[in-house]
Amino acid sequence: MRQDVVSNGPVTATNSRNGGAGVARKMFHPHQPSHPHQAHYPQPFRTFYGYPHQMSQVAFAPPPPIPVSWRNPCTSKRSPSAPPSRITVNPPPQRPWLPLAKPNKTRPACIFTVMCYNVLCDKYATRQMYGYCPSWALCWEYRKKSIIDEIRHYAADIISLQEIETEQFYHFFLPELKNDGYEGIFSPKSRAKTMSELERKYVDGCAIFFRASKFTLIKESLIEFNQLAMANAEGSDNMLNRVMPKDNIGLAALLKVKENAWEPMSEVTQISQPLLVCTAHIHWDPEFCDVKLIQTMMLSNELKTIIDEASHSFRPGHKNDSNAVQLLLCGDFNSLPDSGVVEFLGKGRVSMDHLDFKDMGYKSCLQRLLSNDTNEFTHSFKLASAYSEDIMPHTNYTFDFKGIIDYIFYTKTGMVPLGLLGPVSNDWLRENKVVGCPHPHIPSDHFPLLVELELMHTASQQAPPNGLINRR
């Protein structure tokens, strides 16, 4: 079920306030058999230590040093496990910037950067889960400073975040990033609806921030997978018993690119160009690969509805063209590159008999949900993944799992990747015997992804049917 909020001014947040049972933090990791997916890149990689095209050429620096004197803000007294006055492990070297292509100066384009980051919320950062990390380095008051420093350091134009606790969004991330010129939206997982106000503060969810000087929010949409599963179960016990209890969400922001964000500016750039940005956090358990795939399919179906409505709204009187709205899909999909989830998103199709469905008998209800009567489930977004295994061997790095489960997908017909942030140094991880993260120098068990994209103006690629320019 999708809930839309139209914005007529400063950004507000979608804040669900009733129900759903809580689920436990992941104790296993998303190993899934399926088929490999490889992204295509425009040219060989060249390592460059610096910022993307629109930023000044200053090298990415390591995080700030750990303070010598530290009082544990999680307790009322000095912590016995507070950081020592001198940390023997040096911070990791800067992550390399990998150029992929040069901007095309012959057409109007908006160049922007996007970050995707699962920050590891406080209630999941326990010694039971991350016993290899010092307790003081797991403390939220310590980690949140490193997280916000990292976000500010990369200064992306669009920031997609997962595992943001409700209270932390409103009292930390939103005010901090508003000071830096961002506006943001947020929604907690569906379980928040049945909780008391006190409990609701600690429910995590997804957030999207965007630079207000480049983008304007038109509408935000909340996609609740448990509601969609319940509405489309059609008598399927597995849909009710396996998919519906999982309260993961997707959050979408329909943005309009501001006219001054285009280069070169022209008469064409006066036409509104919509960009749909979506962040999602898919279910974690590898035993529920069927749920992951179905959640992703429900997400794509809801995004298609949003795009179709936006396409009609932005170009009234014109033939409905879903390609007029570009899609940027980011998130923690808890799925490896050879999974059905990534196959579906990257290739645009997945067989109804895919192994990840586990032969659970979802076919008929999914056919009704997606209005599809062929042997494949499809979408029409023409997506490509910015990262692949040969570039980023792992986005999640813990003691018992290391692999790619976070992704940035973009519409390859309307966007070109110009560069991306490379991996954390494997030599540093090995030489310092870093068996997993978080770590005193790395605040989450996920590494942030950062991509620079060139967005082409769709109106410059096709003339209006009547030859007139509609300046909306």
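The values are calculated or read from the model by the stated rules, or taken from the named source; none is laboratory data. Bear in mind that the values here come from a model prediction, so they are computed numbers and not experimental data. Here Cβ is always computed from backbone atoms with ideal geometry, including for glycine, and neighbour counts include all displayed protein chains.
Numbers for the structure displayed
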quantity: Residues (touching a Leu at 6+ places or on another chain (Cβ under 7 Å), within 19 Å of Asn260 (Cβ to Cβ) and assigned to a loop (DSSP other than H, G, I, E, B)) located in segment 101-138; calculated: Pro103
quantity: Filtered residue count, segment 90-135, keeping only those that are among the β-branched types (Val, Ile, Thr) and over 24 Å from Ile442 (Cα atoms); calculated: 2
quantity: Any hit, segment 396-406, residues being under 24 Å from Asp149 (Cβ atoms), surrounded by fewer than 20 Cβ atoms within 10 Å (Cβ to Cβ) and touching a residue at least 60 places away in the same chain (Cβ under 8 Å); calculated: no
quantity: Selection from segment 364-413 of residues that are among the basic types (Lys, Arg) and either part of a strand (DSSP E or B) or within 29 Å of Val424 (Cα to Cα) (or both); calculated: Lys402, Lys412
quantity: Residue in segment 228-247 that is out of contact with any Gly (no Cβ under 7 Å at 6 or more places or on another chain), at pLDDT 95 or above and within 17 Å of Cys330 (Cα to Cα) present; calculated: no
quantity: Selected residue [at pLDDT 95 or above and either part of a loop (DSSP other than H, G, I, E, B) or polar (S, T, N, Q) (or both)] from Val416, Val434; calculated: Val434
quantity: Residue selected from segment 181-230 under the condition of a type in the set (A, V, I, L, M) and part of a strand (DSSP E or B), by the criterion surrounded by the fewest Cβ atoms within 10 Å (Cβ to Cβ); calculated: Ile218
quantity: Only listed residue being surrounded by fewer than 16 Cβ atoms within 10 Å (Cβ to Cβ) and closer than 26 Å to Leu222 by Cβ, chosen from Ser364, Ser335, Ser313; calculated: Ser313
quantity: Residue match in segment 445-455 (condition: free of Cβ contacts under 8 Å to residues at least 40 places away in the same chain and out of contact with any Asp or Glu (no Cβ under 8 Å at 6 or more places or on another chain)); calculated: no
quantity: Complete set of residues in segment 265-311 that are without any contact (Cβ under 8 Å) to a residue 60 or more places away in the chain, in a helix (DSSP H, G or I) and under 16 Å from the mean Cα position of the chain (by Cα); calculated: Thr296
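Every residue, every condition in (1) under 28 Å from Val416 (Cβ atoms); (2) in contact with a helix residue (DSSP H, G or I) (Cβ under 9 Å, 6 or more places away or on another chain); (3) buried (at least 18 other Cβ atoms within 10 Å of the Cβ), yes or no:
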{"position": "Leu100", "(1), (2), (3)": "yes, no, yes"}
{"position": "Leu138", "(1), (2), (3)": "no, yes, yes"}
{"position": "Arg152", "(1), (2), (3)": "yes, yes, no"}
{"position": "Ile158", "(1), (2), (3)": "yes, no, yes"}
